[in-house]
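The values are calculated or read from the model by the stated rules, or taken from the named source; none is laboratory data. These numbers come from a predicted model, not from an experiment. As a convention, Cβ positions derive from the backbone with ideal geometry for all residues, glycine included, and neighbour counts pool all protein chains shown.
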Amino acid sequence: MFPEYASSVWKAVVGQERAVEQLTQSALAPVHAYLFVGPAGCTKDEAARAFAALLLTGTDDPAARDARLILAGEHPDVREIERSGARISAEQVAEIIHNAALAPIEGKRKVMILHEFHLLDAAGAGRLLKTLEEPPESTIFIVLADQVPPELVTIASRCVRIEFGTINESTIIGLLVDEGSTPATAKQAAQAAEGSITRARVLAGDPDLVQRRGAFAAVPAKLDGTGATVVATCHQLNALIEAAAAPLAARQAQEATELEARIAATGERGGGRKQLEERHKRELRRHRIDELRSGLGVIAGAYRDALVSNQATRPEAAVQAVRRIHAALEALERNPNELLLMQSLLLDLPSLALQPAPR
């Protein structure tokens, strides 16, 4: 429908042509609830705001006043609910139910965007089900989830499901080059981003990406079974992860400056400062988790490479190491103490440097 989306509310939605076409058609006769399913960084969040703009304005013009506010997350009739802890809390579920019952402020329709709903527990899903099944006529829900766990199956059955795929590497590279990155930088960022355009953009401005990935790749050869080495290695990796947030922090500072300039120019009440600050905190948290996930993936790759090249003199230990790393990756979804998780993991991993030579 919009091949390039150059002057469209869909401009920020990357590599999701089928989803955009489905949503564009659906906006002509919308239903009460939609479920957007796809991995983090696939631009389903951007698609939710674009769809909300289409629902409220009936046009894909991003310059229209309502569309501009919706895309910036500042429209009073588009409520975005973000988790405040490790999971979506009972208090947040109660807030959703309460807000769903309120009349729109400016128009005849309002949209509620519910983020990260794969982190909703069974009890919360049960309390929310009736509201999603029979919301007020003026309310439309857009539920976002990375995947559909068992707790969400019933809610998913009450929604129109829209699938968002991982963005392919060539699309990310092309977009980064269009945005000013060199082809080499774009390729490195796309490879490390694992299908997330959000992460790829941050990595494209990160001059230490290669060094950081090299530090993670070197971990298996540094381990010697001692706690002192594990502590020192974790300290080094943590420092690299903290430094990696610098490009994101710079982008956030620019966004804050632009928001203040817009408030000064238009006199918008409220201005969205609180929403921007909360989003920035979530982005920094997500960036840290993404860095850990990426780094653990690099470590797992080192053990796999050793197996393929027959450099792992104890293949069963290397296989077990990869399994242990995958368990740690799953644990990251439960909001653990990251330092303790890393220390515990590295203490369990075998060294690729000190394995005895085969007889």
- [ ] Evaluate the following for residue 173: is it modelled with pLDDT of 95 or more, under 21 Å from the mean Cα position of the chain (by Cα) and more than 30 Å from residue 211 (Cβ to Cβ)?
- [x] no
Open item on the list: Tell me which helices (runs of 4 or more DSSP H) are completely within region 231-342 and hold 2 or more residues being of a type in the set (S, T, N, Q), or say none if there are none.
Closed with: 246-266, 273-308
- [ ] For region 298-314, enumerate the residues that are surrounded by 14 or more Cβ atoms within 10 Å (Cβ to Cβ) and without any contact (Cβ under 8 Å) to a residue 24 or more places away in the chain.
- [x] 304, 305, 307
Task: Total residues in region 12-69, condition under 28 Å from residue 119 (Cα atoms) and in a loop (DSSP other than H, G, I, E, B) - done: 15
Open item on the list: Looking at region 325-344, I want the residues that are free of Cβ contacts under 8 Å to residues at least 12 places away in the same chain and not assigned by TED's automatic domain parsing to the domain that holds residue 290 and have a partner that is surrounded by 15 or more Cβ atoms within 10 Å (Cβ to Cβ) and of a type in the set (D, E, K, R) with Cβ atoms under 7 Å, at least 6 apart or on another chain. Which pairs are those?
Closed with: none
TODO: Collect the residues in region 113-129 that are part of a helix (DSSP H, G or I) and either under 13 Å from residue 156 (Cα atoms) or hydrophobic (A, V, I, L, M, F, W, C) (or both), keeping them in residue-number order.
DONE: 117, 118, 119, 122, 123, 125, 126, 128, 129
Task: Count - residues of region 149-192 that are among the acidic types (Asp, Glu), under 21 Å from residue 20 (Cβ atoms) and surrounded by 15 or more Cβ atoms within 10 Å (Cβ to Cβ) - done: 1
Open item on the list: Can you report the number of residues in region 220-232 which are hydrophobic (A, V, I, L, M, F, W, C) and either exposed (fewer than 11 other Cβ atoms within 10 Å of the Cβ) or out of contact with any Leu (no Cβ under 7 Å at 6 or more places or on another chain) (or both)?
Closed with: 3
Open item on the list: Quick check on this structure: which one of 177, 153 is in a helix (DSSP H, G or I), free of Cβ contacts under 8 Å to residues at least 12 places away in the same chain and outside the structural domain of residue 49 (by TED's automatic domain parsing)?
Closed with: 177
